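The next block holds one structure in the form of structure tokens; read it before the comments.
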Amino acid sequence: MNIKEFQKELILYSKEIGIDKIGFTTADPFVTLKSRLYKQQELNYQSGFEAKDIERRTDARKIMSEAHSIIAIALAYPSKMKDAPKSKKGSTRGIFCRASWGEDYHIVVKKKLLQLESFILLHYPNAKVQSMVDTGELVDRAVAERAGIGWSAKNCSIITPEYGSYVYLGEMITSLPFEPDTPIEDQCGECTKCMDVCPTSAIVAPGQLNAKNCIAFLTQSKEMIPLEFRKEIGNRIYGCDTCQTICPKNKGINFTHHEEMEPDPETVKPLLRSVLKVSNREFKRQFGQMSGSWRGKNPIQRNAIIALAHFKDDTALDDLKDLAIHDVRPVIRGTAIWAISEIDRENGAIFINECLKTETDEIVIEEINRILSK
């Protein structure tokens, strides 16, 4: 079987195993991307989660010397939840972003890529292949764009004509000379809705993101969240969907054909007060299968505290005071003290002043003094 015939067979096989879109591109360097990434680095817009070596991020041959082609795949995930529980006083809830619903997408997409690898090696045993999802060195969106999966939108997401931007991406570097696909023309037009509604104005220009200001990054960080962004986080305890839900290309889109991606409502919209008290073991049992658990429970609990302040949930004051006094983590103590000041403006200062007498951590003391000075 020649390579053109095999490429057709591979596309058919990808559909059989549940891959929603597949595309092919060359292993040539991503020249334009390289200059953009260096500019991001110069502007200090990077999140810090990215691979450090920009040369390797933009040149597949620096990862695999035999690289000839790159295969890009996309799997559509759901955007709507059945029977979503509602927040009510005393039972307020947080929310995980859609990309964290169901089983960890890194595992789901990697399984599909491994199936593709096996199929390739069955027909071409000497072929070289290397797959990656999100945490690999190549930039998933850049590969997907050049392989014709979708176009790169102003919000930096890949938008597909069929599934909108609700897709998980993955890619495989291979030594086989597949015929490259043609990129899809940008269809955003003059629309700037994603930029207009970004809660923290993190989309600084079309296709340019200051990742450090993005709520998706902030909810994954482990430090005190900067004061100017806390109220913008709302009840998000992991990630942010705002620039996707506003997008006209996502209107009415909801695909539920991947059962492993379906959300468990109680898991993706958990009770905030229960999140505050969860142990490491309980956290792993309840949230461990989700991609949103990768940073552990500390950021999720900090975000839950911020969400309680968002709801002005005074039924949580005793829990927050307990954290402010007894928790060993300065970020949790400091965030709890801030939340108390937001929920109980009249009486909170008395309690917070007492905390100052025993607090020893500089971060928390700074937070307390800022609150009391107001």
Residues whose built amide H sits under 5 Å from the amide H of LYS21, excluding neighbours closer than 5 in sequence, are ALA74
For MET64, the residues 5 or more places away or on another chain with a placed amide H closer than 5 Å to its own amide H are none
For Kirkwood radius over Cα pairs in Å, with candidates (i) 28.8; (ii) 21.1; (iii) 22.3, the value calculated from the shown model is option (iii)
Taking the chain and a Cβ-Cβ threshold of 4.7 Å, the cysteines left without a partner are CYS97, CYS156, CYS188, CYS191, CYS198, CYS214, CYS240, CYS247, CYS355
With the 8 Å Cα cutoff and a minimum separation of six or more residues, the range 30-152 has a relative contact order in percent of 33
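Given 0.36 nm per residue, what is the gain on full extension from ARG329 to SER65 after removing their alpha carbon distance, in nm?
90.5 nm
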Measuring from its Cα centre, the chain shows a charge dipole (+1 at each Lys and Arg Cβ, -1 at each Asp and Glu Cβ) which, in debye to the nearest 20, is 420
So LEU227 and SER201, fully extended at 0.36 nm per residue minus their Cα-Cα distance, gain in nm 7.9 nm
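Could you calculate the FRET efficiency of LYS82 with LYS111 from 1/(1 + (r/R0)^6), where r is the beta carbon distance between them and R0 is 30 Å, rounded to 0.05?
On the way: r = 25 Å, r/R0 = 0.83.
E between LYS82 and LYS111, to the nearest 0.05, is 0.75.
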For the range 306-314, in residue order, the Karplus 3J(HN,Hα) values (coefficients 6.51, -1.76, 1.60; θ = phi - 60°; whole Hz; Gly and Pro = x) are 4, 5, 5, 5, 4, 7, 6, 7, 6
In order over the range 110-119: 3J(HN,Hα) from phi, Karplus 6.51/-1.76/1.60, θ = phi - 60°, whole Hz, x for each Gly or Pro, gives 4, 4, 5, 5, 5, 5, 5, 4, 4, 5
Once the dipole of the range 1-139 is set up from charges on Cβ (+1 Lys and Arg, -1 Asp and Glu), the residue from the list ILE22, GLN40, GLY136 lying farthest towards its positive end is GLN40
Sequence order, the range 334-345: Karplus ³J(HN,Hα) from phi using 6.51 cos²θ - 1.76 cosθ + 1.60, θ = phi - 60°, Hz rounded, Gly and Pro as x, gives x, 5, 5, 5, 4, 4, 4, 5, 7, 7, 10, 5
Counting only residues 5 or more apart in sequence or on a different chain, those whose built amide H sits under 5 Å from that of VAL167 are TYR77
Distance in nm between LYS89 and ASN353 label points, each 7 Å along Cα→Cβ, equals 2.9
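Every number here is computed from the coordinates shown, using simple stated rules; none is lab data. Source: prediction; values computed, not measured. Cβ atoms come from the backbone with ideal geometry, glycine included; neighbour counts cover every protein chain shown.
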